[in-house]
Amino acid sequence: MKNSKLLAVITALFTALAVLSGAIAVPLLCRPFYYAHIGPMGLEQLTGLTREQIQQAFDQVMDYCLGLREDFAAGILPFSASGASHFADVRGLFLLDLWVLGLSLAGLAVLFVVCRKKRLRPS
């Protein structure tokens, strides 16, 4: 009985972490969602940039924030040292979220296997 309650608490914790971090990660990883808003928001007219330039700037910033490139870049958009520093902080938060998501999903997978093997069920 005691093990069942502990198992339930651990499962709930991993599930909550997976849901919360997943809710953050999905929009970060879904670039077509952002691309679809370039036209309706009138970004080309507002900025004077082409759709390709806007997408390239977005892709470079997101690649940096997601750890896919080491140096910060924003396409043809100028940026200051404080802007680059801000995105270094953002990068840390994005990567932390992805780590939490990965570890919580791995924890849930391990719990699933252990529960199946030992025929346990959380209370």
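The values are calculated or read from the model by the stated rules, or taken from the named source; none is laboratory data. Source: prediction; values computed, not measured. When the accessible area is computed, the model is the full protein with side chains, heavy atoms only, and any ligands, DNA or RNA have been set aside. Shrake-Rupley method; radii C 1.70, N 1.55, O 1.52, S 1.80 Å.
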Practice task
Please work out how much accessible surface Phe14 shows to a 1.4 Å probe, ignoring ligands, DNA and RNA, in Å² rounded to 10.
Solution key: 60
Completion exercise
Under a 1.4 Å probe, counting only protein heavy atoms, Ser21 has an accessible area in Å², nearest 10, of 10
Practice task
Mind pulling the angle between the C-alpha long axis of helix 2-29 and the longest principal axis of the chain? Nearest 10 degrees, somewhere in 0 to 90.
Solution key: 10
Problem - Heavy-atom accessible area order for Ser85, Ser4, largest first, 1.4 Å probe - result: Ser85, Ser4
Fill in the blank from the handout: For segment 1-104, the percent of accessible surface on carbon and sulfur atoms (probe 1.4 angstrom, ligands and nucleic acids excluded) is 71
Fill in the blank from the handout: Longest principal axis of the chain (C-alpha) makes with the long axis of helix 51-65 (C-alpha) an angle, in degrees to the nearest 10, of 40
Completion exercise
Quotient of Cα radius of gyration and Kirkwood radius for the chain, i.e. Rg/Rh, equals 1.18
Problem - segment 1-65: Cα Rg divided by the 2.2 N^0.38 Å rule of thumb - result: 1.85
Problem - For Thr11, solvent-accessible area (1.4 Å; no DNA, RNA or ligand), Å² - result: 40
Handout entry: Accessible area in square angstrom per residue, the chain, 1.4 angstrom probe
Key = 68
